[in-house]
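To start, the structure under review is shown below, and the notes come after it.
A short reminder: the numbers here are calculations on the coordinates, not readings from a lab. Owing to the predicted nature of the structure, the values given are computational and were not obtained by experimental measurement. Cβ sites come from the backbone with ideal geometry, for glycine too, and all protein chains shown count toward neighbours.
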Amino acid sequence: MDMKTAQLLRDQIEVERKRNAPPEGFPDLPPIPAGRYTDPAFHALEKREIFDKAWLYAGSGWEIPNAGDYKSFDNFNRGPVLIIRGKDMKIRAFYNTCQHRGATITREPCGHAGSRLKCQFHSWTYDLEGKLVGIPGPWDFSPDMDKSKHNLKPVRCEMWGEHIFINLSPDGPDLETYLGPVWSDFEWASRLRPSNRRSRVMACNWRVAIEAFIEVYHITTIHPTTVSSTIDYRGTVSTFFPHGHSRMIVPNTPSNYKAPPDEMPGDWDGGRALRGESNVSYHVFPNLLTPAGPSGYILMEFWPHDHNHTEIVTWIVEPDWGEGEPPADYFTRAEYFDVVLDEDTWNMEHIQHSLLSPSFAGPKCSYHEKRIYYLEQHVDHLLGDLVPEHLRVAPLLADRIVNTACAV
Ligand code: FES
Ligand SMILES: [Fe+2]
């Protein structure tokens, strides 16, 4: 984030704090049809048209530092994926499906393959670039068999700093184009190192889960002794970017305010400077959130298991600590965030249940909650005419999407 953007956001925080009504011309957002969160058929469409086609966060290079290190990835029930670092240190992704009889090549969540990947069923072997290089008992296969047709099937894989993203679709924009303004606005944080992975599965739709984190209207009720004392929701500034992404800045309360240093260290940009004064977070569509922490951020992944079960994975992302275990205060941060997450999640299953009530038209979003409406609107943008008429969300925020980070 450049300094101009940081100053623009500071100024807008003051505008937001002072207003006593939504800005002139902001629409009265209609209820979001509740069936969007409860209908298995709607969710099947989302899996096919969104999760099979979007760039999805798949981990970080910190997890596989050496050539031959791999992790396997199967969070979205669409075929297991293997992510491996090659001899050239490049990270690649493949479907973790052996081209012999379809076994998963490796069943461990992570490990070291050495110089070859060996399938755990009949030991077909592949090099680290996915090329089939060894078939035991070759005399039983036809001499006409073209081995090159049985290489591992690649999955698109690109890096944003140290973060790995994959995309099951061969079509669509590259990662930098997809992330748009987020790519550079949040660039300072892209090489920080994740630790303290935690996971929990909630009995609710993935958007019920995410939408609890893209507004802070709830903090005085849900987080009276935690988050509420650290940020002032009245000053919230939200920005919509293309491809469904959004940014939210919430100013810190005076007791939590840290002025940026008079002399900015050389690697500080506006985003790092602003962090002491406010909580800067992004929603990377579809399923990644980055609420800020004291010197880094919390990375949150949301993985739909089905229409009403969602896995929430959290990481504490902070400066690299070098060898050995992360510093003790990173664990302290993880424990604190667990308390916050308990507060946020205790309502989710009840909301999911309550959304089934025939009495309820659907969530009614205020101006402050407009990121929720934007998320829903973008879902419909991708599903198009596939959305049944009674579940549609009108694109009322379409003319508020900006192509630059330096806008609100
Ligand atoms: S299924 Fe992989 S070697 Fe047979
Ligand atoms: Fe919360």
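Any idea how far apart Val15 and Arg191 come out in nm if each label point goes 7 Å out from Cα toward Cβ?
Simple spin-label model gives 3.5 nm for this pair.
If the cut-off is 19 Å between C-alpha atoms, which lysines fall inside it for Lys370, apart from same-chain ones fewer than 8 positions away?
Lys18
Can you list residues whose amide H is under 5 Å from Gly293's amide H, if they're 5+ apart or on another chain and H is modeled 1.01 Å from N?
Ile298
Could you list Cys110, Cys204, Cys119 in order of exposure, starting from the residue whose Cβ has the fewest other Cβ atoms within 10 Å?
Cys110, Cys119, Cys204
So if I take the centroid of the Cα atoms in the range 276-305 and the same for the range 178-202, what is the distance between those two points in Å?
What the calculation gives is 7 Å, centre to centre.
Just how many % of Cα pairs in the range 145-297 lie over 22 Å apart, if you round to the nearest whole percent?
Percent of Cα pairs beyond 22 Å in the range 145-297: 52.
Could you give the nm distance between label points at Lys153 and Arg234, where each point is 7 Å from its Cα heading toward the beta carbon?
It works out to 5.6 nm between the two label points.
Can you give the FRET efficiency for Glu49 and Lys258, using 1/(1 + (r/R0)^6), R0 = 35 Å, r = Cβ-Cβ distance, to the nearest 0.05?
That gives a FRET efficiency of 0.25.
Take the range 221-335, compute every pairwise Cα distance, and split them into 5 Å bins from 0; I just need the percent in each bin.
Here the calculated profile for the range 221-335 is 2, 9, 16, 20, 22, 17, 9, 4, 1, 0.
Which residues' amide hydrogens lie under 5 Å from the amide hydrogen of Phe285, considering only partners 5 or more residues apart or on another chain, with H built in the peptide plane?
Those qualifying (amide H under 5 Å, at least 5 residues apart or on another chain) are His245, Ser246.
Cα atoms only, the chain: Rg and Dmax in Å?
Calculated on Cα positions, Rg and Dmax stand at 22.7, 80 Å.
Per-residue HN-Hα couplings for the range 44-56, Karplus 6.51 cos²θ - 1.76 cosθ + 1.60 at θ = phi - 60°, whole Hz, x for Gly and Pro?
4, 5, 4, 4, 6, 8, 10, 5, 7, 10, 8, 6, 10
Find, among the chymotrypsin sites (Phe, Trp or Tyr not before Pro) in the range 161-266, those assigned to loop by DSSP (not H, G, I, E, B) with at most 16 other beta-carbon atoms within 10 angstrom.
Working: sites: Phe165, Tyr178, Trp183, Phe186, Trp188, Trp206, Phe213, Tyr217, Tyr233, Phe240, Tyr257; in loops: Phe186, Phe213, Tyr217, Tyr257.
Answer by residue number: Tyr217, Tyr257.
Could you go through the range 228-244 in sequence order and give the Karplus-derived ³J(HN,Hα) for each residue, using 6.51 cos²θ - 1.76 cosθ + 1.60 with θ = phi - 60°, rounded to whole Hz, and x for Gly and Pro?
Karplus values, whole Hz, x for Gly and Pro: 4, 7, 9, 10, 10, 5, 4, x, 4, 10, 10, 9, 9, 10, x, 6, x.
Under the definition of Cα pairs under 8 Å and six or more residues apart, what whole-number percent is the relative contact order of the range 56-171?
27
Could you give me the ³J(HN,Hα) list for the range 301-317, computed from phi with Karplus coefficients 6.51, -1.76, 1.60 and θ = phi - 60°, whole Hz, x at Gly and Pro?
Working through the residues one at a time gives 10, 10, 10, x, 7, 8, 5, 10, 9, 9, 8, 10, 10, 10, 10, 8, 10 Hz.
If amide hydrogens are placed 1.01 Å from N in the peptide plane, which non-local residues have theirs closer than 5 Å to the one on Gly68?
Long-range HN contacts for Gly68: Arg85, Gly86.
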